[in-house]
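Here is the structure we will look at, set down as structure tokens.
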Amino acid sequence: SQQGEEDPQALSIQEGENATMNCSYKTSINNLQWYRQNSGRGLVHLILIRSNEREKHSGRLRVTLDTSKKSSSLLITASRAADTASYFCATVNSGNTPLVFGKGTRLSVIA
Amino acid sequence: DTAVSQTPKYLVTQMGNDKSIKCEQNLGHDTMYWYKQDSKKFLKIMFSYNNKELIINETVPNRFSPKSPDKAHLNLHINSLELGDSAVYFCASSNRGNEQFFGPGTRLTVL
């Protein structure tokens, strides 16, 4: 069953702007992960945030997690054309079962 | 030095045929997965193997049979292919609960 739901489904911004994507989920989790998929390619892991963490940074990426609201956000700062891709959130629940993916946000960064 | 590899990358075949997709990981992970991504980009778990044992088998027709000869390999065999099987199939591996590493995908087209 689908767990994560990304919002918006599609986002188009100018290069240099920040992009924010949101993810909501339904059940308790062990961790939440964000992945990027370029067109025609496999998914690439971006960042993992555990249920006892509230914020995590990796380069231009910032992820927040609010377990009370069962939501997470991914912020990409100073976006580049190369950031154009689909972004998926995925959750691992308390039983450490495999990832359950949302449908993704398609980000287009226009140069 | 490929982490997760899949073969073939493209597979075009007639309805009713039997085909296999191979997956290998050289990361020393204990868990491997097969996902199906449909035309709407929705990524769904099919199978999960931990140390050669099946731990997840989602609602997948029994025409799909995974085989794990060892921890580094998880092959997917599909019998009596149907039009609806056309999709991109991704193999992935991880140590349970942690980030997953994905293969490049196999685009299956059933004619």
* To do: Treat every Asp and Glu Cβ in region A:53-101 as -1 and every Lys and Arg Cβ as +1, leave all other atoms uncharged, and give the resulting dipole magnitude about the Cα centre to the nearest 20 debye.
  => 80
* To do: Could you sort A:60-71, B:83-94 so that the peptide with the highest average Cβ count within 10 Å comes first and the rest follow in order?
  => B:83-94, A:60-71
* Solvent exposure of region B:17-111 as accessible area per residue, Å², 1.4 Å probe -> 46
* **Size of electric dipole in chain B: Cβ of Lys, Arg +1 and of Asp, Glu -1, about Cα centre, debye, nearest 20** => 200
* Structure fact -> Looking only at aspartates and glutamates whose Cα falls under 13 Å of A:Lys56's and that sit 8 or more positions away or on another chain, we get A:Asp66
* **Averaged over B:44-53, number of beta-carbon atoms from partner chains that fall within 10 Å** => 2
* Asked: On the accessible surface of chain B, probed at 1.4 Å, how many percent belong to carbon and sulfur atoms?
  -> 48
* Structure fact -> The set of residues whose placed amide H lies less than 5 Å from the amide H of B:Asn95, leaving out same-chain residues fewer than 5 positions away, is B:Asp30
* Express in whole angstrom the spacing between the alpha-carbon centres of region B:19-35 and region A:56-111. => 24
* Asked: Cross-link list A:Lys103/B:Lys71; B:Lys22/B:Lys52; A:Lys69/B:Lys40: which exceed 20 angstrom alpha carbon to alpha carbon?
  -> A:Lys103/B:Lys71; A:Lys69/B:Lys40
* Asked: For B:Leu111 and A:Ser39, FRET efficiency with R0 = 22 Å and r from the beta-carbon atoms, rounded to 0.05?
  -> 0.40
* Please report the buried accessible area for the interface of A with B, total over both chains, probe 1.4 Å, in Å² to the nearest 100. => 1500
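The values are calculated or read from the model by the stated rules, or taken from the named source; none is laboratory data. Given the structure is predicted, the values throughout are model-derived calculations rather than measurements. A quick note on method: Cβ atoms are made from the backbone with ideal geometry, for glycine too, and the neighbour counts reach across all protein chains shown. Calculation scope for accessible area: heavy atoms of the full protein, side chains included, ligands and nucleic acids excluded. Shrake-Rupley method; radii C 1.70, N 1.55, O 1.52, S 1.80 Å.
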